[in-house]
Every structure is written in structure tokens, then in C-alpha cells.
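A quick write-up on the structure given underneath.
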Amino acid sequence: MARVTLTQYLIEQQRAGRVTADLRLLIEVVARAVKAISVNVSKGALAGVLGEAGTDNVQGEAQKKLDVIANEILLQANEWGGHLAAMASEEVEEVHQIPFDYPKGGYLLLFDPLDGSSNIDVNISVGTIFSVLRNTAAQGDPTEASFMQPGREQVAAGYAVYGPSTLFVLTVGTGVHGFTLDREMGSFVYTHPFMTIPGATQEYAINSSNARYWEPPVQRYIAELQQGVDGPRGKNFNMRWVASMVADVHRVLTRGGIFMYPLDEKCRASGGKLRLMYEANPMAMIVEQAGGAASTGRERILDLQPHKLHQRVPVILGSKEEVERVVRYHAES
Ligand code: P6P
């Protein structure tokens, strides 16, 4: 079969009127930045990029050297193209404006440059997550308020997972499509057309060490899974937890499952663990485009009205039947 590359896929989407030239450029530039991040991640100890950077990010979390490197790669790759009005990153407190000597475009790019970076030093998969919105600022530099759009407004979302292979998974609203990095050619090859999440599953992902903090509906749901064939579900379930959202969500996208980082007594004060704008929203768009569902347990994630760039939310996403069950349990409790 002739190998279709990401570039050819995007040109065909543009020809079909599904993406603009600027959005195509934006996605190509992000994919190129992902290649550079992949090179750095795969060098590991050989390139002196492991370990702490000695700084903290806006979340007050110690930054890994690769967090800083990945952030710089994405900012610098996207500044000069003329497709963006501004950017926002998990690693940066404020909106990142386009330098004055570059032209601006109509899109806002948000990203988590290296998700799951605590796994870097133990050589477990990490990833990059990105989200694209239209700029709503009438004139002048976009502000934080320009980014405060519900996830349903996203025009594109995607992630890269730096695993045994580097995969780039993308949706522009016409299904979810995966591309595998061919390191010899340096191009992303279209390997996973129309990725879909099976409605039913026997696999769940949650950090069980938080069990004593969970709310009753989550306690009930997980207990039933653990009762297996002897319980109300009538079948056995398996559990996986990579502690890298991209890796866990990619597994759910590939073979089904439910991924949960619910509200619990430990993270209630901060609204949740995962970030809405550049983790939950892009992953929710991807999961819905793949036939799954994404909820806080009480609301559809894509309908949430954001208030802060770095705000956190509970995340329950994956196989539709399972997410709907968890939502039902919240409604009943
Ligand atoms: P815990 C990584 O730090 C992250 O933001 C997500 O990628 C991941 O799903 C979650 O936090 C892991 O959290 O509490 O298991 O370390």
C-alpha cells in the first residue's frame, strides 16, 4: 500500500475544505516540533537531558530538564509561522505572545509539552498534548480571556506518545487518525485511520492509592469492577495505570477502557488533578471523535466554561457505556 504521510493527509483535508491553510501549517509545525522532542526524549541519559531542571513550573511542580526543552521547542517552532495569535503552555504562567517582529494568525495553540514527565527518569512513555482554538480577541494581543472557550470550540486536538514508537494522533473534527514516525525518513506515516473506542471494555485505569479519598459513586463503580464475575458486572476486569495520561488514554483509544482521575478529598480544593485547557479538553475531543465519552462525573468536559488558564478538573473518559455508568452513579448518589 502506498505510504500516505501526515502532509498528504493534511493537504487532502484542506482540499476537502476541512482545514484552512493556516491550520494545516499549524499542525505540520507542531508535528515537526514533536519530532524534535522525540529525538531528545529517546537520547535519555546520553544527552544529559534527564533529571530535574532545578526550577518549578506554574503548578509549583519541579520541572524536568526535558519539560523545559520540550516547552522551548514548541514555543520557538510556532512563533514565526504567522498562523498563531498567541500560545499557552502548562510550563508558562502567562499567555505567550507572538514576538512583535513576526506576523500573527487566527489560531490559539495550547499545549502540555511533556505530559507524565515524572516517568522520564524511569524510561516509561511520556507525551505531548495540544489543543487549537480560534482567536476571539477583536484586536490587540490575546489575553487569558481570549482562551476561555469551552472545549467544544476546539478546531483541532492531538497528542504525541513517545513510546516504543512515536505516534502522532490527531483530530480536526473528522474522526481520529494516527501517524507513526518513520525515523529513517523523518516523516509521519498514516498508520491508524479512523481510530474508534469500543463501547464496552474490561479494562480500567485509576490511581488506586487514592481509594480512601474517592467520592461514593467512584467507590461504588470501582468496587463493582473489582468484584468481577462475582459482582453485579458479571465479568472480570483488568487494571492498568501508567501515570502518564497520554499513554493511558492512547491505550483506551486503541483497545477500549476507562481512564479516571476523579475528584477526591485530596484534590477537591484545586478542582481536580488534571488541567482542563491542555489535557482534559484535547483528550475529550479526541475521545468523543472516536465514539467515546468524557465527563467530570457530573458534566460533559467539552461543555465546561473555563475561568482560568491552568484550572484543573476531574476526568472520566473512554468507552461510552462505562463513562455513562459512572455519570449515572454520580446522579444517583
Ligand atoms: P498520579 C502526570 O503528572 C499527570 O499529570 C498525568 O499525565 C497522569 O495521568 C497523572 O498526572 C498521574 O497522577 O497521581 O498517579 O501521579
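Of all residues in segment 134-175, count the ones that are free of Cβ contacts under 8 Å to residues at least 60 places away in the same chain and small (Gly, Ala, Ser).
5
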Out of (1) over 12 Å from the mean Cα position of the chain (by Cα); (2) part of a helix (DSSP H, G or I); (3) closer than 23 Å to MET195 by Cα, the one ALA280 does not meet is (1)
Does GLU91 satisfy the condition of being in a helix (DSSP H, G or I), within 18 Å of the chain's Cα centre (by Cα) and within 27 Å of LYS104 (Cα to Cα)?
no
Any idea which residue in segment 13-51 is nearest to VAL189 (Cα to Cα), counting only those that are of a type in the set (Gly, Ala, Ser) and modelled with pLDDT under 95?
SER42
Tell me, which residue of segment 107-128 that is within 13 Å of the chain's Cα centre (by Cα) and of a type in the set (Gly, Ala, Ser) is nearest to the ligand (Cβ to nearest atom)?
GLY116
List the residue pairs whose Cβ atoms are under 6 Å apart, where the first residue sits in segment 228-246 and is within 16 Å of the ligand (Cβ to nearest atom), the second is part of a loop (DSSP other than H, G, I, E, B), and the two are 6 or more positions apart or on different chains.
TRP241/ASN207; SER244/GLY116; SER244/SER125
Here are some residues: ALA145, ALA205, ALA138, ALA157. Which one is modelled with pLDDT of 95 or more, of a type in the set (Gly, Ala, Ser) and open to solvent by 60 Å² or more (accessible area, probe 1.4 Å)?
ALA145
Given the condition open to solvent by 50 Å² or more (accessible area, probe 1.4 Å) and either touching a Gly at 6+ places or on another chain (Cβ under 6 Å) or at pLDDT below 95 (or both), answer yes or no: does some residue in segment 267-286 qualify?
no
Look through segment 248-263, keep the residues that are within 21 Å of PHE130 (Cβ to Cβ) and surrounded by fewer than 24 Cβ atoms within 10 Å (Cβ to Cβ), and return whichever of them is nearest to the ligand (Cβ to nearest atom).
TYR261
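The values are calculated or read from the model by the stated rules, or taken from the named source; none is laboratory data. None of the values given here were measured: they were computed from a predicted structure. Please note: Cβ atoms are built from the backbone with ideal geometry, for glycine as well, and neighbour counts cover all protein chains shown. The area values use the complete protein model at the heavy-atom level, side chains included, leaving out ligands, DNA and RNA. Shrake-Rupley method; radii C 1.70, N 1.55, O 1.52, S 1.80 Å.
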